[in-house]
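Below is one structure; the comments refer to it alone.
Every number here is computed from the coordinates shown, using simple stated rules; none is lab data. Everything quoted here is computed from the prediction, not taken from an experiment. Here the Cβ positions follow ideal geometry from the backbone for every residue, glycine too, while neighbour counts run over all protein chains shown.
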Amino acid sequence: MAFRAVLDAANRVSAERGPTNAALGRNASGAAARDDRFRSFRRASDDALDAVRRIGPFGTSLAALEERLAAARREVDRLLDRPRAEREPEAVERAIEAMFSAYDAAQPLLDTAMTALLADDPQLVGHAMVARMLGEMRDYAGRLGSHLVIAIAQMQPPRPAQQAAFEQTRGRVLQLWPLIGQQASSSREPAIVEAGRAVERDFIQGGMALIDATLARLRNGDFDLTPESFTRDIVPHFVAIERLRDAFVDSTIRQLDAGRQGAQRALVLASLATLLALAVELLLLLAGRQLLFRPLLSARRHIVRLADNRLDPAVAPAGLRGEMRELFQALETLRARLIERDEIDAERNRLEAQLKQLADTDGLTGVLNRGALERMVPRLARTDTGVIGLILLDLDHFKAVNDRHGHAAGDEVLRLAATRLRNALRQGDVVARFGGEEFAILTFDPLEGVLADIAERLRQVIEAKPFRLPDGSETSITASLGVARAKAAPDVWAQLLQIADAALYEAKERGRNRVVAGAAAG
């Protein structure tokens, strides 16, 4: 219940952006800009945070969230107290981003609540992870709407930075849903299955279609809409996500209740079995070894096997009756519970591995992302005393591909470029998308000339043949490359990046489509 309260508080902070966006776009100021819906959503956030405070001590994480939310509200209120004509678009954008920051401050609070939940019952990790991912998906969905609200308020198509933030958020939504949807569709509970279908229908199909259509209108210069009207249309599409999250949490609570009742019954049965075993022991002392010691020694062997996680079935000695037969039945029940525990642990490990892969992989190209690369180099520097080489590769005039053929074509070029680079590299070399149309390649123990040869081969691979686009047309791309190599050291990444970046800049200055090697470091 504490975990549910924290999830609800984070969701309320996220949902508060909807009426806030509408108020910022309304032709009113002061009290008139703060309608009943705006005030009710703020009260709902405050009530949810008060509920978390009453449940238990969450320390600085709760205080930090409340402080961040209060700061964001002050920024919004300063704008609402001014006429709409005096609200600079940049100030509106800062206010919305401040509300983003308020939700981000809820993550340490969620970490604390989830850690406490799994400490009590690690078997809940599956539903807990899905519930948290649904909370993130709901926030990312709201952020998509907020990015469009910024463009609507500014009465201009999204700027490149805004478009990049929008696409990154959209990609995260589309990454999360397959994981969540699989868990929902495979659930044994009809309520979860139906709620999952509702998310697919109302948000993935309906809400995303509305978001994409609105973005297309803005790109075409159609500004015949307001933040308030767009917010009113898009927010209902988010309700299905919240209902699916509640369905998973409700299911978890029902499982806990059933487990508690089962544990109480098991305790009674175990107590009765113990009493019966004592009574049988007294009788078997009189009946002799055949009726007592042999079955007990057999049961002991089975218990030891279970303790060693050897889960083969317990074979009862022939001729058992009454309480001793029940003892072997209890062993079989225990064996079944241990098997169930191992299956749940395996599922948890699988989910954790999937989440780690998502965190380290670029969702568009399938290669490592920049964060994974930057975490890799310090680890290598601590364990390797050799030379590390870095190649920074930038696709020349990539913006022209997007402008001429569209972003879908640009995405296809990036995917094909990543594939060509992977196929052209040596075993053990590492390629990562460094950002935008830029890739980074790590090599190990390369000689200076060899590293330049590798870079030249990569340049030729990019230039060698045109890239086929989704519409069947082709476009030619070249690449500029900067090369750096340095001896492994604690600060090797900063050295490599500075040298390679300077070399890449020189390659562009000298006309692009070339390799420039920077001075060796260390």
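Each residue of region 473-480 in order: what ³J(HN,Hα) in whole Hz does its phi give by Karplus 6.51 cos²θ - 1.76 cosθ + 1.60, θ = phi - 60°, with x for Gly and Pro?
Going residue by residue, I get 7, 10, 9, 9, 10, 10, 9, 10 Hz, with x marking Gly and Pro.
Whole angstrom only: what separates the Cα centroid of region 377-427 from the Cα centroid of region 150-210?
Result: 28 Å between the Cα centres.
Where the only charges are on Cβ atoms (+1 Lys, Arg; -1 Asp, Glu), what is the dipole of the chain about its Cα centre, to the nearest 20 debye?
Details: 71 positive and 72 negative charges, 206 e Å.
In total the dipole reaches around 1000 debye.
Whose amide H sits under 5 Å from the amide H of THR361, counting only residues 5 or more places off or on another chain, with H placed in the peptide plane?
Those qualifying (amide H under 5 Å, at least 5 residues apart or on another chain) are ASN369.
Just the number, please: Stokes-Einstein D of the chain in µm²/s, Kirkwood Rh from C-alpha pairs, 20 °C, 1.002 mPa s.
Numbers: Rh = 27.7 Å.
It diffuses with D of about 77 µm²/s by this estimate.
Under a plain spin-label model, where a point goes 7 Å from the Cα along Cα-to-Cβ, how far apart in nm are THR333 and SER101?
It is 5.7 nm.
Sorted by mean Cβ packing within 10 Å, highest first, what order do the peptides 180-193, 492-505, 139-152 take? If you can, show how the numbers build up before the last one.
Working: 180-193: 15.6, 492-505: 19.6, 139-152: 24.6.
So the order, starting with the most tightly packed, is 139-152, 492-505, 180-193.
Of LEU134, PRO122, LEU109, which is farthest towards the positive pole of region 44-144's charge dipole, taken about the Cα centre with +1 and -1 on the beta-carbons of Lys, Arg and Asp, Glu respectively?
In region 44-144, that residue is LEU134.
How much mean residue ellipticity at 222 nm does the chain get from its helices, if each DSSP H run of length 4 or more adds -39500 (n - 2.57) and you divide by all residues, to the nearest 500 deg cm²/dmol?
On the way: 19 runs with 357 residues, N = 522.
The helix-only estimate for the chain comes to -23500 deg cm²/dmol at 222 nm.
Kindly provide log₁₀ I(q)/I(0) values, in the same order as q = 0.18, 0.20 Å⁻¹, from the Debye equation applied to equal alpha-carbon scatterers of region 385-522.
Log10 of I(q)/I(0), two decimals: -0.94, -1.12.
HN-Hα J couplings of region 5-19 from phi, Karplus 6.51/-1.76/1.60, θ = phi - 60°, integer Hz, Gly and Pro as x?
Listing the rounded values in order: 5, 5, 4, 5, 4, 4, 5, 5, 4, 5, 5, 4, 5, x, x Hz.
What residues have an amide H closer than 5 Å to that of PHE467, excluding those fewer than 5 places away on the same chain, when H is modeled at 1.01 Å from N in the peptide plane?
Those lying under 5 Å, H to H, from PHE467 are THR475, SER476, ILE477.
If you plug each phi of region 425-431 into the Karplus form 6.51 cos²θ - 1.76 cosθ + 1.60 with θ = phi - 60°, what whole-Hz ³J(HN,Hα) values come out, in order, with x for Gly and Pro?
8, 6, 5, x, 6, 10, 10
Projecting each Cα onto the charge dipole of the chain (Lys/Arg +1, Asp/Glu -1 at the beta carbon, about the Cα centre), which of GLN162, VAL280, GLY410 comes out farthest on the positive side?
Selected residue: VAL280.
Treating the angle as unsigned and between 0 and 90°, give the value, to the nearest 10°, between the Cα long axis of helix 208-219 and the longest Cα principal axis of the chain.
10 degrees
Kindly express, to the nearest 10 degrees and within the range 0 to 90, the angle between helix 190-199's C-alpha long axis and the longest C-alpha principal axis of the chain.
Around 0 degrees separate the two axes.
Dipole size in debye (nearest 20) for region 121-262 around its Cα centre, Lys and Arg Cβ +1, Asp and Glu Cβ -1? Don't jump to the answer; show the numbers that get you there.
Values: 16 positive and 17 negative charges, 48 e Å.
That gives region 121-262 a dipole magnitude of about 240 debye.
Using every pair of alpha-carbon atoms in region 121-262, split the distances into 5 Å bins beginning at 0 and state the percent of pairs per bin, rounded to integers.
Distribution as computed: 2, 10, 19, 20, 15, 11, 9, 6, 4, 2, 1, 1, 0 percent.
Could you give the nm distance between label points at ASP111 and LYS465, where each point is 7 Å from its Cα heading toward the beta carbon?
4.7 nm
Take region 1-105, compute every pairwise Cα distance, and split them into 5 Å bins from 0; I just need the percent in each bin.
2, 13, 23, 23, 16, 11, 7, 4, 1, 0
Within 10 Å, count the other beta carbons around each residue, average over each peptide in 70-81, 29-40, and list them highest first. Kindly include the intermediate steps, with their values, before the conclusion.
Values: 70-81: 16.7, 29-40: 14.2.
So the peptides 70-81, 29-40, ranked by packing, come out 70-81, 29-40.
What per residue convex hull volume, in Å³, do the alpha-carbon atoms of region 68-205 yield? Mind dumping the intermediate values first?
Numbers: hull volume 18.1 nm³, N = 138.
Expressed per residue, the convex hull around the Cα atoms of region 68-205 is 131 Å³.
Taking a point 7 angstrom from the Cα of ASP224 along the C-beta vector, which residues in region 4-44 have backbone N less than 18 Å away?
From region 4-44, the list is empty.
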